[in-house]
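Student: Sending over a structure as structure tokens; questions will come in a sec.
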Amino acid sequence: MVEKALGLSTADRCVVLADERSTANLRFAANTLTTNGVARSSRLTVISISGRGVGVVSRAAVRPEQLAGVVEAADRASREAQPAEDARDLVEGVPPSPHWDEPVRPTDIDVFGAFAPALGETFAAAQAGGRKLYGFAEHRLTTTFLGTSTGLRLRHDQPTGRLELNAKSGDLKRSAWTGVSTRDFSDVDVAALDSSLAQRLEWAKNRVDLPAGRYETLLPPSAVADLMIYLFWSAGARDALDGRSVFSRPGGGTRVGEQLATLPLTLSSDPAAEGLECAPFVMAHASSRESSVFDNGLPLARTDWIRDGRLEALLQTRYSAELSGLPVTPAVDNLVMGGPEGGRSLEEMIASTERGLLLTCLWYIREVDPQTLLVTGLTRDGVYLVEHGEVVGEVNNFRFNESPVDLLGRVTEAGASERTLPREWNDYFQRTAMPPLRVPDFNMSTVSQAS
């Protein structure tokens, strides 16, 4: 399909992306499997370039007899388009993927071959313990073929899995959540996850009401991931150059080079990160302020966005890099935070806490002020009070107001980094590894009635 589309195009240049996606899922409620299923889909994107004009046409499930019409529509749109400001020569000279023309092997329900029996055993254990488990497991395999008129023939196969698990007490008054990301479900220990949820439900038997205020707070890796993903998404160089973001330097330019964190924290992306592997080249289906269709096929490498607490890079296309004078650093589809060597586990951090709050996850995160990256949101599925190194009970939920950037400058401890699943953003971004963080004055702005 890619080869035929490139051959049909009459535009000056052409880029074609074909995405084949397959999914398999299990859903369960009250210790019972409720549904399971598999699905497949495909999408073809044709990017035609006439002079500096760009036409993009994307269609799902394109049949062979429809292909010429899709290409013709993209060619026509490129001839009618205004000149694109990010127009550049297409990437060339990248060696072809060795498995370019191998058949696509979709995922199927067999991906849960070892996981499903373990889930059934966990249902039985939860039932015996008076708990009810709810949630779902999903596995996706997306194969993307990228071909260009300059000779690129690149392919990437991306497996993505997640498990979300929610435990409730028998009377449904207490709730706790956990989740994990995985490539193939072979490394998911669902019994251990259920055990951690059982402990949290025990903590919640004692209820303590607290007022709004600033509290020493332990943010688990999942909550840290949600905050850092939003920081990452907001780190576009164009917005910073235009004075529209928290990364804009007063008077002009960007804050690249400024110290953001007092601790030597590093926030990075790496296509080869173990367990978080992702596409090693740019796949841009459309241009935006942070991406450019002209950069399709550009090789990706490890990028430090923050290094030892210092802002090192922003999301850059070749076009924005020319404007900023900074290196070309496109987005990479994973995110890893590391802190000082010898970081402690979350359990060890709890044991050293005199008085503070322990969160489970964050929810409904929304931006309040882009100039400071102030966001608001809610806590969910368990906020616990820690006193003298022990969890003594569950407290009420809060609405919080915090800036991920400002928060980095106030962190007093970063624990050991581990692979985690963000709660809020896992529909869009799942490959993360984060440490737990200790914040001495996390702003719980109001009490929430959410339960």
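Student: Can you name the residue in segment 384-408 that is open to solvent by less than 30 Å² (accessible area, probe 1.4 Å) and assigned to a loop (DSSP other than H, G, I, E, B) and is also farthest from GLY309 (Cα to Cα) among such residues?
Tutor: Among them, the one singled out is ASN396.
Student: Give me the pairs, please: first residue somewhere in segment 327-356 and basic (Lys, Arg), second residue anywhere and surrounded by 19 or more Cβ atoms within 10 Å (Cβ to Cβ), beta-carbon distance under 6 Å, and either six or more positions apart or on two chains.
Tutor: Taking only residues 6 or more apart or on different chains, the pairs are ARG344/GLY415.
Student: Look at segment 192-230 and say how many of its residues are open to solvent by 10 Å² or more (accessible area, probe 1.4 Å), touching a Leu at 6+ places or on another chain (Cβ under 8 Å) and within 22 Å of ASP369 (Cα to Cα).
Tutor: 1
Student: In this structure, is PHE123 in contact with a Leu (Cβ under 8 Å, 6 or more places away or on another chain), buried (at least 16 other Cβ atoms within 10 Å of the Cβ) and farther than 30 Å from SER320 by Cα? Give the derivation first.
Tutor: Working: in contact with a Leu (Cβ under 8 Å, 6 or more places away or on another chain): yes; buried (at least 16 other Cβ atoms within 10 Å of the Cβ): yes; farther than 30 Å from SER320 by Cα: yes.
In short, yes.
Student: A further question on this structure: Quick check, is LEU408 under 26 Å from ALA273 (Cα atoms) and of a type outside the set (Phe, Trp, Tyr)?
Tutor: Values: under 26 Å from ALA273 (Cα atoms): yes; of a type outside the set (Phe, Trp, Tyr): yes.
Here the answer is yes, as LEU408 does meet what is asked.
Student: Select from segment 269-303 the residues that are among the polar types (S, T, N, Q) and open to solvent by less than 10 Å² (accessible area, probe 1.4 Å) and list them in ascending order. Quick ask: steps written out before the conclusion?
Tutor: Taking segment 269-303 first, the residues among the polar types (S, T, N, Q) are 269, 287-288, 291-292, 296, 303.
SER269, SER292, ASN296 - these are the residues of segment 269-303 that are among the polar types (S, T, N, Q) and open to solvent by less than 10 Å² (accessible area, probe 1.4 Å).
Student: In addition: Can you give me the number of residues within segment 234-254 that are without any contact (Cβ under 8 Å) to a residue 60 or more places away in the chain and open to solvent by 50 Å² or more (accessible area, probe 1.4 Å)?
Tutor: Of the residues in segment 234-254, 4 are without any contact (Cβ under 8 Å) to a residue 60 or more places away in the chain and open to solvent by 50 Å² or more (accessible area, probe 1.4 Å).
Student: Check VAL180 against each of (1) open to solvent by 20 Å² or more (accessible area, probe 1.4 Å); (2) within 20 Å of THR32 (Cβ to Cβ); (3) aliphatic (A, V, I, L, M) and name the one condition it does not meet.
Tutor: (2)
Student: For a quick check of your reading of the model, give me the residue pairs whose first member lies in segment 404-428 and is in contact (Cβ under 8 Å) with a residue 24 or more places away in the chain and over 18 Å from LEU374 (Cβ atoms), whose second is aromatic (Phe, Trp, Tyr) and assigned to a loop (DSSP other than H, G, I, E, B), with beta-carbon atoms closer than 7 Å and at least 6 apart or on different chains.
Tutor: Final answer for the pair search is PRO422/PHE429.
Student: Cβ-Cβ below 7 Å, separation at least six or inter-chain, first residue in segment 77-89 and touching a residue at least 60 places away in the same chain (Cβ under 8 Å), second in a loop (DSSP other than H, G, I, E, B) and open to solvent by 100 Å² or more (accessible area, probe 1.4 Å): which pairs?
Tutor: ALA84/ARG52; ALA87/ARG52
Student: Follow-up question, since we're still on this one. For SER352, indicate whether it is surrounded by fewer than 20 Cβ atoms within 10 Å (Cβ to Cβ), small (Gly, Ala, Ser) and over 17 Å from the mean Cα position of the chain (by Cα).
Tutor: On the way: surrounded by fewer than 20 Cβ atoms within 10 Å (Cβ to Cβ): yes; small (Gly, Ala, Ser): yes; over 17 Å from the mean Cα position of the chain (by Cα): yes.
Against the criterion (surrounded by fewer than 20 Cβ atoms within 10 Å (Cβ to Cβ), small (Gly, Ala, Ser) and over 17 Å from the mean Cα position of the chain (by Cα)), SER352 qualifies.
Student: Follow-up. Based on what the data block shows, is VAL383 of a type in the set (A, V, I, L, M, F, W, C) and closer than 30 Å to GLY55 by Cβ?
Tutor: Values: of a type in the set (A, V, I, L, M, F, W, C): yes; closer than 30 Å to GLY55 by Cβ: no.
No.
Student: Just a yes or no: is a residue in segment 366-373 farther than 22 Å from GLY236 by Cβ, open to solvent by less than 60 Å² (accessible area, probe 1.4 Å) and in a strand (DSSP E or B)?
Tutor: no
Student: Can you tell me which residue in segment 409-444 is farthest from LEU231 (Cα to Cα), limited to those that are of a type in the set (A, V, I, L, M, F, W, C), assigned to a loop (DSSP other than H, G, I, E, B) and within 15 Å of the chain's Cα centre (by Cα)? Full working, then the answer.
Tutor: Here is the first cut: in segment 409-444, the residues of a type in the set (A, V, I, L, M, F, W, C) are 411, 414, 416, 421, 425, 429, 433-434, 437, 439, 442, 444.
Next, from what is left, pick out any that are assigned to a loop (DSSP other than H, G, I, E, B): 411, 416, 421, 425, 429.
Next cut, within 15 Å of the chain's Cα centre (by Cα) only: 421, 425, 429.
Values: LEU421: 16, TRP425: 12, PHE429: 13 Å.
Only one residue tops the list, namely LEU421.
Student: Residues that are in contact with an Asp or Glu (Cβ under 9 Å, 6 or more places away or on another chain) and under 24 Å from GLY161 (Cβ atoms), at least 1 per element: which strands (runs of 3 or more DSSP E) completely within segment 249-355 meet that?
Tutor: Here the list reads 266-269, 335-338.
Student: Hey, among PRO271, PRO250, which residue is within 30 Å of ASP184 (Cβ to Cβ) and out of contact with any Gly (no Cβ under 7 Å at 6 or more places or on another chain)?
Tutor: On the way: PRO250 fails: within 30 Å of ASP184 (Cβ to Cβ).
None of the other options fit; the residue is PRO271.
Student: Now for a different question. Of the numbered conditions (1) surrounded by 13 or more Cβ atoms within 10 Å (Cβ to Cβ); (2) of a type in the set (Asp, Glu); (3) under 30 Å from ALA301 (Cα atoms), GLU72 fails exactly one; give the number of that condition.
Tutor: (3)
Student: Scan segment 1-41 for residues that are open to solvent by less than 70 Å² (accessible area, probe 1.4 Å) and part of a loop (DSSP other than H, G, I, E, B) and report the count.
Tutor: 4
The values are calculated or read from the model by the stated rules, or taken from the named source; none is laboratory data. These figures come from a predicted structure and were not determined experimentally. All Cβ positions, even for glycine, are placed from backbone atoms using ideal geometry, and neighbour counts span all protein chains on display. Protein only, heavy atoms only, side chains kept; ligands, DNA and RNA dropped before computing areas. Shrake-Rupley method; radii C 1.70, N 1.55, O 1.52, S 1.80 Å.
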